[in-house]
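Here's the structure we're looking at; comments come further down.
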Amino acid sequence: MTEREFWIGFNKIPGVGPVRFRQLLDVFGTLGNAWHASREDLRQAGLDKRAIQSVLENRRLIDPRAELARLDKLGIAVLTWEDDLYPPLLSELRAIDQAPPVLYLRGTLDESDLWALTVVGTRSISAYGRQVAHRLAAELAANGLCIVSGLARGVDAEVHAAALEVGGRTLAVLGCGLDTIYPPEHRQLAASIIQNGALISPFPLGTRPEGKNFAPRNRVMSGLARGVLVVEAGDKSGALVTAGYALEQGREVFAVPGNITAHGSNGTNHLIQDGAHPVLSAQDILEVLDLERVAHYVEAAASLPSMSADEEQVMRNISNDPAHIDDLTRLCELPVAQVSSALTMLELKGVVRQVAPMTYVRK
């Protein structure tokens, strides 16, 4: 079997998440070696009894080769930490165990998706929330931002549709396997998203849309973007969970103020009280993220041969041999934030590429 098939196999085993994946890779070198490891080898690798039992029991039941064949038949791609196309903003979160080892994808990812904003809110959307969500998402998408949301009823569906209406890109992160569209009435919307973005899930085929899946789904949604906008949310809305993950991940948090007597605005108003950026227009978001006319930036980055001083310094220290960002930071004698920014621009200019999480070569 191929190494990709072993990634797919382990991702179907309950209790094996980012921490376990990293342990297995660190100790065994490949997941193929880990798949065939004995109970004692797994114990020495640091897995506890419950995780060991789960691995031993489930690998007898899982056929990774057959699983990959099912995915291929459905037109679903598999992205792992080791793939060039694995979203770089998510890849940066491996250090805090918030990057899923495997992502399933229907559609396409694009370099412009680096400039993404996650937009979330209540399922019980009001007329005010619908109007604001649609207007903001359309204006942001028209300015080149990719709109990320969760395909749910209410705000999610509204912002996906608004992005599509203006010819923008949008990504939908599902809390189930990609062999299921939930809610089912959004099948046509999902089909349109596949043509102009992608459906994404960290969950293997057959995973049902259960409540326990939505917190991990929300973590992926915030991780894919440079910020999270909450349009309308009550005190216990899942959108507030997404905003919390955004803060953990170092993302900006935005919120639309609402009527102080409306229950559906309690969550957003409290976010603003706690320090979220209040949003009255799309311009408020573009200015905070320094992304005004993002589409123009991306187009310019792809065509301009000139480089900033930081980019030139990075290029002097990068070769055809893969180099991790930590090594480049040391060689360039620059802060990691400056090296990361330079690498992003160099990727957009087409002169470097990412060959593994946070690892780059000349293109």
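Residues in region 147-156 that are in contact with a helix residue (DSSP H, G or I) (Cβ under 6 Å, 6 or more places away or on another chain) and within 22 Å of residue 177 (Cβ to Cβ) were compared, and the one that is surrounded by the fewest Cβ atoms within 10 Å (Cβ to Cβ) is 151.
Of 267, 244, all but one fail to be within 15 Å of residue 133 (Cβ to Cβ) and either outside any loop (DSSP other than H, G, I, E, B) or not aliphatic (A, V, I, L, M) (or both); the exception is 267. The single residue among 109, 114, 89 that is surrounded by 18 or more Cβ atoms within 10 Å (Cβ to Cβ), under 24 Å from residue 167 (Cβ atoms) and in contact with a Ser or Thr (Cβ under 8 Å, 6 or more places away or on another chain) turns out to be 114. Of the residues screened, residue 77 is not one that is exposed (fewer than 15 other Cβ atoms within 10 Å of the Cβ) and without any contact (Cβ under 8 Å) to a residue 40 or more places away in the chain.
A Cβ distance below 6 Å, combined with a sequence gap of six or more or placement on separate chains, defines the contacts here; from region 1-17, residues that are within 21 Å of residue 46 (Cα to Cα) and part of a helix (DSSP H, G or I) reach no residue that is of a type in the set (Lys, Arg) and modelled with pLDDT under 95. Restricting region 194-239 to residues that are assigned to a helix (DSSP H, G or I) and among the hydrophobic types (A, V, I, L, M, F, W, C), the residue that is surrounded by the fewest Cβ atoms within 10 Å (Cβ to Cβ) is 215. How many residues are within 12 Å of residue 6 (Cβ to Cβ) and surrounded by 13 or more Cβ atoms within 10 Å (Cβ to Cβ) when one looks only at region 31-54? Number satisfying all stated conditions: 6.
Of the residues 242, 261, the single one that is of a type in the set (Ser, Thr, Tyr) and within 25 Å of the chain's Cα centre (by Cα) is 242. Residue count for region 155-193, restricted to those that are part of a helix (DSSP H, G or I) and over 20 Å from residue 223 (Cα atoms): 14. Of all residues in region 120-138, none are under 30 Å from residue 355 (Cα atoms) and in contact (Cβ under 8 Å) with a residue 40 or more places away in the chain. Residue 98 meets each of the listed conditions (1) touching a Phe, Trp or Tyr at 6+ places or on another chain (Cβ under 8 Å); (2) at pLDDT 95 or above; (3) surrounded by fewer than 19 Cβ atoms within 10 Å (Cβ to Cβ) apart from (2). Within the option set 93, 85, 105, 89, being at pLDDT below 90 and within 13 Å of the chain's Cα centre (by Cα) holds for one residue only, 85. Scanning region 278-311 for residues that are surrounded by 14 or more Cβ atoms within 10 Å (Cβ to Cβ) and closer than 17 Å to residue 339 by Cα, which turns out modelled with the lowest pLDDT? Of everything passing the filter in region 278-311, 301 is modelled with the lowest pLDDT. Within region 321-358, being of a type in the set (A, V, I, L, M) and either within 18 Å of residue 112 (Cα to Cα) or not in a helix (DSSP H, G or I) (or both) holds for 323, 334, 342, 343, 345, 346, 348, 351, 352, 355, 356, 358. Which of (1) more than 30 Å from residue 142 (Cβ to Cβ); (2) modelled with pLDDT of 95 or more; (3) not aromatic (Phe, Trp, Tyr) is the odd one out, the single condition residue 15 does not satisfy? Residue 15 satisfies every listed condition except (2).
The values are calculated or read from the model by the stated rules, or taken from the named source; none is laboratory data. Fair warning: this is a prediction, and the values are worked out from it, not measured in the lab. Every residue, glycine as well, gets a Cβ built from its backbone with ideal geometry; the counts of neighbours run over all protein chains shown.
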